Amino acid sequence: MSIIVQKYGGSSVSNTDKIKTIAQNIITRKERDPNIVVVVSAMGDTTDDYIKLAKDISDSPDKRELDVLMSTGEMIAASLLSMALKANGCDSVSYSAYQLDISTSGSHGKSQIDDIDVKRIEKSLEEGKVVIVTGFQGVNDEGDITTLGRGGSDTSAVALAVKLGGMCEIYTDVDGIYSTDPRKYTTAKKLEEIEYEEMLELASLGAQVMHSRSIELAQKYGIEIYVGLSCGQEKGTYIRGGKDMKLEERVITGLATSDDDISVTIKDFESSNIASLFEDIANKGISVDMISQTAPIEKNISVSFTVPKEDMKECKGIVSKYAPKENIVIDEEITKFSLVGLGMKNTYGVASKVFKIFNENNIGIKLITTSEIRITCAINSSEKQIAIEKIAREFNL
């Protein structure tokens with residue numbers, strides 16, 4: 001049977017009026033596509049509110065208990081949507097990760113989906129029900145509730161589409177994917193379609209419409225994703241790959257910025273310790289992104305790297321074991337500024353054009369990393385807006 005997996009983000013279910021509207025949309029859609037599975041995020045800012053509550057209790061709340069707390073938000077949203085459907089004569093059932101045995105592994109707050117038992121979902125669909133599933137969560141081998149990290153409901157939806165052999169639709173408060181954030185650059189262009197590889201880069205670099213792990217999963221299994229407005233008729237954006245892509249021939253497809261990282265610099269660092277340093281950071285489940293190292297001088301180097309702000313305290317503790325306080329510099333006011341485009345593979349001079357624009361506008365570059373289809377610079381957060389405007393205009397984004 002043909003199955004549609006829809007996901008509604010927190011802003012789409014932020015109040016009961018929106019939940020009622022979504023229920024009506026689902027009922028209308030069910031007339032055309034009878035087998036619908038819906039993944040929901042927590043309502044509005046619920047997750048942030050729960051984190052604040054936990055922080056009121058402890059500066060470093062226990063991660064297992066934090067997962068238990070945060071998982072309740074999706075349960076509330078799922079049950080309310082199911083109630084709304086039933087109130088309008090549409091049979092529905094909500095399931096939590098525990099009820100569906102969404103198996104996960106990894107650390108609390110950053111777990112990964114290993115498998116999903118979809119037998120209960122398939123049975124409910126055969127009974128004519130709309131199935132509502134809590135996103136963002138799973139259960140580990142010890143029977144504990146785990147969460148997938150920010151944006152994890154996207155990953156839940158794509159994983160269900162994979163297991164059910166269905167299509168995946170992501171509904172949010174924006175009407176598609178833009179070349180850059182239209183709130184930061186008002187003339188940003190909406191994309192009709194975007195390739196997996198480009199979307200993966202943009203998502204991992206700060207574009208907040210999609211979760212990067214969900215794109216990895218979709219690309220691996222060839223799941224086409226549609227991203228659109230939850231309560232609107234505007235045409236959205238398709239994320240896909242293959243020979244049927246009709247991408248515009250542009251060098252740069254998108255621009256993303258992120259203020260969610262800090263940079264750590266260690267001066268006069270003994271080069272022989274660098275492997276141990278990054279191994280210790282990895283063992284704590286901290287993701288390192290940009291890395292820059294100077295040439296050794298008498299076996300000493302300066303090394304800089306970025307980590308998520310949420311891991312700053314833990315990272316400081318690790319770094320302090322390797323260098324005295326006066327040799328460690330933490331910069332919390334950085335923005336990761338990234339350009340992404342498959343066209344860069346066959347186009348020369350993109351980097352030089354970017355650096356020239358930065359230089360002409362006195363925008364300092366602190367770190368640089370590149371790939372075949374990406375250029376990322378760490379710049380001062382105070383210079384982010386001017387950088388967006390100048391680069392977006394230059395590359396017609």
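The values are calculated or read from the model by the stated rules, or taken from the named source; none is laboratory data. As the structure is a prediction and not an experimental result, all values here were calculated from the model. As a convention, Cβ positions derive from the backbone with ideal geometry for all residues, glycine included, and neighbour counts pool all protein chains shown.
Overview of results
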| item | result |
| --- | --- |
| The stretch 48-72 - residue that is without any contact (Cβ under 8 Å) to a residue 24 or more places away in the chain and not in a helix (DSSP H, G or I) and, of those, farthest from K284 (Cα to Cα) | S58 |
| Single unsatisfied condition, A77 versus (1) under 18 Å from the mean Cα position of the chain (by Cα); (2) under 25 Å from G166 (Cα atoms); (3) among the small types (G, A, S) | (1) |
| Any hit, the stretch 254-273, residues being within 21 Å of K110 (Cβ to Cβ), surrounded by fewer than 17 Cβ atoms within 10 Å (Cβ to Cβ), under 22 Å from the mean Cα position of the chain (by Cα) and of a type outside the set (K, R) | yes |
| Answer residue from the stretch 88-127, given it is polar (S, T, N, Q) and part of a helix (DSSP H, G or I) and is surrounded by the fewest Cβ atoms within 10 Å (Cβ to Cβ) among those | Q99 |
| Subset of the stretch 118-158 [within 15 Å of the chain's Cα centre (by Cα) and closer than 12 Å to V37 by Cα] | G135, S156, A157, V158 |
| Positions within the stretch 2-16 being within 19 Å of R32 (Cβ to Cβ) and part of a loop (DSSP other than H, G, I, E, B), in sequence order | S2, I3 |
| Considering residues of the stretch 309-319 that are under 22 Å from R150 (Cα atoms) and surrounded by fewer than 18 Cβ atoms within 10 Å (Cβ to Cβ) only, the residue modelled with the lowest pLDDT | E310 |
| G44 vs. criteria closer than 20 Å to G152 by Cα, crowded, with 19+ Cβ neighbours inside 10 Å, within 21 Å of the chain's Cα centre (by Cα) and of a type outside the set (A, V, I, L, M) | no |
| Output for the stretch 164-185, where each listed residue is surrounded by fewer than 19 Cβ atoms within 10 Å (Cβ to Cβ) and either at pLDDT 90 or above or polar (S, T, N, Q) (or both) | G165, M167 |
| Positions within the stretch 85-117 being charged (D, E, K, R) and farther than 14 Å from T134 by Cβ, in sequence order | K86, D91, K110, D114, D115, D117 |
| Residue that is in contact with a Ser or Thr (Cβ under 6 Å, 6 or more places away or on another chain), without any contact (Cβ under 8 Å) to a residue 60 or more places away in the chain, surrounded by 18 or more Cβ atoms within 10 Å (Cβ to Cβ) and of a type in the set (G, A, S), where the choices are A188, A203, A159 | A203 |
| Count of residues meeting criterion [closer than 26 Å to R374 by Cβ, loosely packed, with under 15 Cβ neighbours inside 10 Å and without any contact (Cβ under 8 Å) to a residue 60 or more places away in the chain] in the stretch 285-308 | 4 |
| Selection count, the stretch 346-386, where residues are over 24 Å from the mean Cα position of the chain (by Cα), among the aliphatic types (A, V, I, L, M) and not in a strand (DSSP E or B) | 6 |
| Top-ranked residue in the stretch 19-29 [being touching a Cys at 6+ places or on another chain (Cβ under 8 Å) and surrounded by 19 or more Cβ atoms within 10 Å (Cβ to Cβ); ranked as farthest from A84 (Cα to Cα)] | I26 |
| Test: D181 is within 21 Å of E216 (Cα to Cα), acidic (D, E) and touching a helix residue (DSSP H, G or I) at 6+ places or on another chain (Cβ under 9 Å) | no |
| Pick from the stretch 47-59, criterion of a type outside the set (A, V, I, L, M, F, W, C) and over 18 Å from the mean Cα position of the chain (by Cα), ranking: surrounded by the most Cβ atoms within 10 Å (Cβ to Cβ) | Y50 |
| Considering residues of the stretch 60-87 that are farther than 15 Å from A159 by Cβ and charged (D, E, K, R) only, the residue surrounded by the fewest Cβ atoms within 10 Å (Cβ to Cβ) | D62 |
| Among (1) surrounded by fewer than 21 Cβ atoms within 10 Å (Cβ to Cβ); (2) outside any strand (DSSP E or B) - the single one I391 does not satisfy | (1) |
